[in-house]
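The values are calculated or read from the model by the stated rules, or taken from the named source; none is laboratory data. Treat the numbers as computed from the prediction; the structure is a model and nothing was measured. We place every Cβ from the backbone using ideal geometry, glycine too, and count neighbours over all the protein chains shown.
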Amino acid sequence: MLPQYEFQMTLIAPYKGLDARIFRQVAKDLRCRIKFMDLAFDEAIEAAKRLSPDTCDVVLSRGVTVDVVKQNSSIPVVPIDFSAWDLLQALQPYAGHVRNVAFFRYSTPLPGLSSVEKALGMRIKEHLYGSKNEMHLRLIQLDPADVELFVARGTLVCQWATAAGFPTLEIIDGEISAKRTLLEAVNVARARRSERQRTARFGAILDAIDEGIVVYDAQGKVNLITPSAESLLNCAKKEAIGEHIRTVMPGVFSPDTLAGDKVEHGRVHDIRGTTLVINRVPILFQGQNVGTVCSISDARRIYKAEAKLRNKLKSKGFTTRYSFGDIRTRSPHVRHLKELGVLYASTDANLLICGESGTGKELFAQSIHAASLRKDKPFVAVNCAAIPEGLLESELFGYEEGAFTGARR
């Protein structure tokens, strides 16, 4: 049965500088498939450009090739680990025989180098280089009289040193380097996969939302627009990304409101012949506005949804059928009750209407609701005769927490 690989990795470096067999075994133990490319410099550039995130989670490399790959690929690069301990192990056999060592290293000094010198009784001169040309320059500047042993990890620099007549030791990346490097690569790959999955989920959520979404940064440059927003704004994604929001959504934002920190809802604007309802929510980080999210809805769709909802509520009986105009009377007493009803409708207080059956209590209740600030809200009539007497008061007016079983309301 074939092993189930969790991650795909590509190692770009000359084979001679590492133990490929060990790297393969360690990768297999970590459920990773590893592809080797025996390349450096210009060849590595072309290989990096061809790498796809769909077939490679992480690139492993070393030396100058690390930066070469980083500059030519969006895939994360993990340098093959190397420490003072690795140098100590490589030089151990030469202790007592070699005094002066030239150690060539790419870019940054090796931490702990002085400890290696003391442990082995050697004078190790570190030579740093940042490019292929600088590496060659450092090499030709060496005085053979001061160098008993030339040490480096790079295959090419060791070949040049050997050709120049220096006794040369190329450090091979073995099991310890492989384990440390691949463990870090797995962590990077997992974090990257998690981020890509989160981005995919975020994108799916945005695409599923009926409203259009447009996001712009603190300078007003659009960096996200959903397909719904493209349709509503009649503006293609390739035309919107990188453009100023006032170009994408003309007439909506003034210089003062462009990067404001206030939430705005329900603003109605006509954009390219379509009436839109726009909400604006700032993105705040540490108290600073770093961008804005705009949600966009077609006003016609909102009107249709509102009409549909009203019809649904009406079919369920959650609307009023009567108003004070339906109460016709010659009785001064009933006229006074109507005046009181209109007065009470303007308050936010609970009302209790008392009367015998058939005297028009619900007629007054519906009329008061129709004249109140809640007239656009549902009107729910409850048949109190269907509610047990012991529960009527608590269901209508609430009850203390824990009054029955200790449960919360």
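Give the number of residues within the stretch 79-96 that are farther than 23 Å from Val147 by Cβ and either buried (at least 22 other Cβ atoms within 10 Å of the Cβ) or in contact with a His (Cβ under 9 Å, 6 or more places away or on another chain) (or both). Number satisfying all stated conditions: 1.
Residues considered: Thr329, Thr319. Of these, the only one that is over 30 Å from Val263 (Cβ atoms), surrounded by 11 or more Cβ atoms within 10 Å (Cβ to Cβ), at pLDDT below 75 and of a type in the set (Ser, Thr, Tyr) is Thr319. Scanning the stretch 125-143 for residues that are closer than 30 Å to Cys32 by Cβ and free of Cβ contacts under 8 Å to residues at least 12 places away in the same chain turns up nothing. Note on the stretch 48-68: among residues that are without any contact (Cβ under 8 Å) to a residue 60 or more places away in the chain and closer than 21 Å to Asp19 by Cβ, the one that is surrounded by the fewest Cβ atoms within 10 Å (Cβ to Cβ) is Val66. For the stretch 113-172, a residue qualifies if it is part of a helix (DSSP H, G or I) and in contact with a Gly (Cβ under 7 Å, 6 or more places away or on another chain), and the qualifying residues are Pro144, Thr155. Only residues that are small (Gly, Ala, Ser) and without any contact (Cβ under 8 Å) to a residue 24 or more places away in the chain were counted across the stretch 229-246, and they come to 3. In the stretch 282-298, the residues that are closer than 15 Å to Glu264 by Cβ reach residues that are modelled with pLDDT under 85 and outside any strand (DSSP E or B) with C-beta atoms within less than 6 angstrom, at least six apart or across chains, in these pairs: Pro282/Asp261; Asn289/Ala259; Asn289/Asp261. Looking only at the stretch 220-265, which residues are of a type in the set (D, E, K, R) and part of a helix (DSSP H, G or I)? Listed by number, the residues that qualify are Glu230, Lys237, Lys238, Glu239, Arg246, Asp256. The number of residues in the stretch 42-88 that are under 29 Å from Ala200 (Cα atoms) and assigned to a loop (DSSP other than H, G, I, E, B) comes to 11. For the stretch 193-200, the condition holds for no residue, the condition being that it is over 30 Å from Gln8 (Cβ atoms), free of Cβ contacts under 8 Å to residues at least 12 places away in the same chain and either assigned to a helix (DSSP H, G or I) or in contact with a Leu (Cβ under 6 Å, 6 or more places away or on another chain) (or both). Being on the phi < 0 side of the Ramachandran plot and in contact with a helix residue (DSSP H, G or I) (Cβ under 8 Å, 6 or more places away or on another chain) is the requirement here; does Arg138 meet it? It is false that Arg138 is on the phi < 0 side of the Ramachandran plot and in contact with a helix residue (DSSP H, G or I) (Cβ under 8 Å, 6 or more places away or on another chain).
Within the stretch 267-292, being surrounded by fewer than 16 Cβ atoms within 10 Å (Cβ to Cβ), among the aliphatic types (A, V, I, L, M) and in contact with a helix residue (DSSP H, G or I) (Cβ under 7 Å, 6 or more places away or on another chain) holds for one residue alone: Val268. For the stretch 247-260, check the following and say yes or no: at least one residue is among the hydroxyl-bearing types (Ser, Thr, Tyr), in contact (Cβ under 8 Å) with a residue 60 or more places away in the chain and surrounded by 12 or more Cβ atoms within 10 Å (Cβ to Cβ). So far as the stretch 247-260 goes, no, none of its residues is among the hydroxyl-bearing types (Ser, Thr, Tyr), in contact (Cβ under 8 Å) with a residue 60 or more places away in the chain and surrounded by 12 or more Cβ atoms within 10 Å (Cβ to Cβ).
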